[in-house]
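K.L.:
Could you have a look at this structure, given as C-alpha cells, before my questions?
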Amino acid sequence: MVYCGRPSKGCAPCRAKRTKCDQTRPHCGQCRRAHRECPGYRAEQDAIFRNETSKVVAKAQTGTKWEISMPVSPIRPIELTGDGDVRNPAIDFSAATVQMVERTKVTIRTLSVPLEDEATYYFFHNFVPADPASLTTYSDVLPTVYRQDSSFNALPKIIEAIGLAGISNVKQAPELMVAAGQKYARVLRAITASIQDSKEVSTDQTLMAVMLLGLFETVTCSNPESMRSWTNHVNGATALVRLRGTDQLRTKVGRKLFDNLVVQILIDCLQRRQMIPPDVIEWAEIAAEGETNKAVPERQLIQIIGRLCALRAAVDRPETNDIGVVTLANFIDSDLEDWKNSLPPAFSYSIKQSPNTENVFSNTYHVYKGTWALSVWNVYRCARILTQQVITTWLSRNSMPNPALDQSQRRQSKVLLANLAYDICASAPFILGASNSSVYSSRLPRAAAGASLLWPFYLVATMDQCLTGIRAWIITRLALIGRLMGIKQAESLANVLRTKREITAWDKFETARADEVLDEW
C-alpha cells in the first residue's frame with residue numbers, strides 16, 4: 001500500500017479537469033451543468049492508500065529497471081538527508097530557462113518531489129522534532145493544529161514559506177527566497193481575510209499561522225526591521241488571543257497555543273523593557289488550573305519574570321537614586337535562585353570537560369536531558385542577567401550608604417554575571433553537536449533548538465562586563481547557526497557584534513499596540 005498524501009474529495013471528472021467540485025450527493029453540480037456523467041466519489045481510504053502490489057510484482061518478474069514516466073521538474077530536486085541537511089549540490093536554476101521536455105523516463109532514485117512538499121518536510125524536521133525530550137515552542141501542538149480540517153490555507157502556506165526560506169539560506173539559493181517571500185505575502189492576505197470572518201478569526205489555525213509569522217522573520221532576518229516585525233506579529237497574536245477569549249482555555253490545544261504565545265510575550269517584554277499585559281498574566285493563571293505538576297517550574301518562572309519585567313519598565317527611563325531599586329532586584333534574584341534550587345530531576349544536567357577549545361568555551365559544556373530543559377534554563381539565566389544589570393546600572397550612577405555593602409554588592413554581581421555567561425556558552429555544544437555527549441553529535445542540529453540560543457548569545461555578548469574572548473566565540477557560534485541551520489537572524493547578529501555595536505531593535509524601539517496590529521495586516 002502506498003500513501004498518496006492528502007486526498008481530494010472531488011469526483012473523478014473534477015479531479016481530472018482540476019476544477020473545484022461541490023461534492024453534491026449523489027452527483028456533483030459541475031457534472032450536471034456540463035451534462036456529463038458523474039461516477040460519484042471514491043472511498044476516503046482508497047484515496048489515501050493505493051494498492052501497488054501487482055505493479056511491484058510485474059517489475060520484479062520482468063527484471064527490468066524500475067522506471068516511470070513523469071514530467072521533468074524545472075528545478076533539480078533537492079535531496080534532504082534524514083537530519084534535514086540538503087545533500088544535493090547547488091540547485092540548478094538555469095534549467096528553468098531551458099525549454100522543457102514534455103515527458104521523459106527517470107529512475108525512482110531521482111523521482112522529483114514538489115518543492116512545496118520538500119519545504120514542508122524541511123520545516124517539520126527542523127522545527128518540530130518528534131522526540132518528547134526535545135520539545136520546542138511548536139512541537140507539542142502544531143501537528144495537531146495542522147491536521148485540523150479547515151478551509152483556511154494560511155497555515156500550510158506559512159509552513160512552506162519558512163521551509164523554502166530555510167532551504168534557500170542553507171543552499172544560498174536566492175530564487176527560493178523570492179518564492180518564500182511570495183508565499184509569505186499570500187499568507188498575510190489570507191490572514192487579513194480571516195480576521196474579517198467572525199468564525200475564522202478565532203480558530204486555532206489562524207492563531208498558529210500568526211505565531212509562525214514571527215518565525216519566518218527569524219529565519220529571513222537581514223536587518224533590525226525584521227526584529228521589529230517579529231514583535232508586531234507577537235502583538236498581533238496577542239490581539240487574536242483576546243478576541244478568542246477565555247473559551248480557548250477550555251481545550252487542551254487552546255491552552256497549549258496560549259502557553260506557547262505566553263513564552264513569546266515574555267521574551268518580547270524582557271527584550272523591550274515592557275510590562276507583561278495584566279490580562280495575559282490573569283489568563284495564564286486560569287490556564288494553569290487543572291494542569292499537571294509537570295508545567296509548574298515553567299509557570300513559576302513566568303511569575304517571577306513578570307515581576308522583573310515590571311521592575312525594568314519602572315526604572316528604565318527616569319534616573320532614580322532610590323536604593324529600593326537594588327532591594328527589589330535582590331528580592332527577584334533571590335526568588336530566581338530559589339526557583340533553580342527547587343527544580344525537579346527532569347531539569348538536571350551534568351558538566352563535562354573537553355579539550356576542544358574552538359567549539360567548547362572554557363573547556364566545559366553541559367549535557368541536558370532535552371532541549372526543552374536547556375531552553376528553560378537559558379530563559380532563567382537571561383532573567384538573572386537582566387536582574388543583575390538593573391543592580392549594576394544603578395551602582396554605576398550611585399553608591400550604597402554602607403561602603404562595605406557597596407563593594408560586596410558590586411563584587412557579587414560581577415561574579416554572578418560571569419558565571420551566568422559561562423553557563424549560557426556551556427549550553428551551546430549540546431545544541432550545536434560539538435561534543436561527544438551531545439544528542440546531536442552525529443547529525444546537524446534542528447533549527448528550532450539553534451534559534452533558542454540567539455537572544456541568550458546576544459545578551460551575553462553585549463554585557464558591560466563581557467568576559468575576555470567570549471564575544472569573539474559567540475560571533476563564531478552565531479555564524480555557524482546561520483550557515484548550518486539556515487537562520488538568517490544569527491548571521492545578522494554576528495555581523496552586528498563584529499562591529500562592536502549594540503542593536504536597539506530588541507529593547508528600545510517603539511512598536512504598535514497589540515490592538516492596532518490587526519489593522520496593519
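The values are calculated or read from the model by the stated rules, or taken from the named source; none is laboratory data. Worth saying up front: this structure is predicted, and the values here are computed from it rather than measured. As a convention, Cβ positions derive from the backbone with ideal geometry for all residues, glycine included, and neighbour counts pool all protein chains shown. To get the accessible areas, we keep the full protein, side chains included, count just its heavy atoms, and leave off ligands, DNA and RNA. Shrake-Rupley method; radii C 1.70, N 1.55, O 1.52, S 1.80 Å.
K.L.:
Let me check something: with ligands and nucleic acids excluded, how do L480, L155 order by accessible area (1.4 Å probe), largest to smallest?
P.N.:
Numbers: L480 30, L155 0 Å².
I get L480, L155, largest accessible area first.
K.L.:
Got a sec? What order do D149, D423 fall in by accessible area at 1.4 Å, biggest, i.e. largest, first? The partial results should precede the final answer.
P.N.:
Details: D149 145, D423 45 Å².
Largest accessible area first, the list is D149, D423.
K.L.:
While we're here: Name the long-range amide H neighbours of T19: under 5 Å, sequence gap of 5 or more, or other chain; modelled H, no Pro or chain starts.
P.N.:
So T19 has HN proximity to no qualifying residue.
K.L.:
Just to be sure I understand the model, the point goes 7 Å from the Cα along the line to the Cβ. What's the resulting H35 to E358 distance in nm?
P.N.:
It works out to 7.6 nm between the two label points.
K.L.:
Using 0.36 nm per residue, how much length does the chain from R242 to S350 gain when fully extended, once their Cα-Cα distance is taken away? Could you put the intermediate results ahead of the total?
P.N.:
Values: separation 108, 0.36 × 108 = 38.88 nm, distance 4.13 nm.
Working it through step by step, the gained length comes to 34.7 nm.
K.L.:
With the Cα gyration tensor of the range 205-262 giving a ≥ b ≥ c as the square roots of its eigenvalues, does the rule (a/c under 1.5 for rounded; else a/b larger than b/c for prolate; else oblate) give rounded, prolate or oblate?
P.N.:
It comes out prolate by the Cα gyration axes.
K.L.:
Here's something else I'd like to know. With r defined as the distance between the Cβ atoms of R299 and D22 and R0 fixed at 45 Å, what FRET efficiency is calculated, to the nearest 0.05?
P.N.:
0.40
K.L.:
Please give, to one decimal in nm, the separation of the simple spin-label points placed at Y121 and Q148, each 7 Å out from Cα toward the Cβ.
P.N.:
Here the answer is 2.8 nm between the modelled labels.
K.L.:
Extension gain T468-S222, at 0.36 nm per residue separation less the Cα-Cα distance, in nm? Intermediate values should be presented prior to the final figure.
P.N.:
Numbers: separation 246, 0.36 × 246 = 88.56 nm, distance 2.79 nm.
Computed gain between T468 and S222 is 85.8 nm.
K.L.:
Can you give the relative contact order of the range 333-390 as a percent, counting alpha carbon pairs under 8 Å and 6+ residues apart? Before the final figure, lay out the partial values.
P.N.:
Numbers: 39 pairs, mean separation 19.8, N = 58.
Worked out over the range 333-390, it gives 34 percent.
K.L.:
Same structure, new question: Using θ = phi - 60° and the Karplus form 6.51 cos²θ - 1.76 cosθ + 1.60, what ³J(HN,Hα) does each residue of the range 483-493 get, whole Hz, x for Gly and Pro?
P.N.:
Along the range 483-493, the couplings run 6, 7, 9, x, 9, 5, 4, 4, 5, 4, 5 Hz.
K.L.:
Going by accessible area, probe 1.4 Å, with all protein chains left in place, what is the ranking of D140, D333, D204, largest first? Don't skip to the answer; put the middle values down first.
P.N.:
Working: D140 55, D333 10, D204 30 Å².
Descending order: D140, D204, D333.
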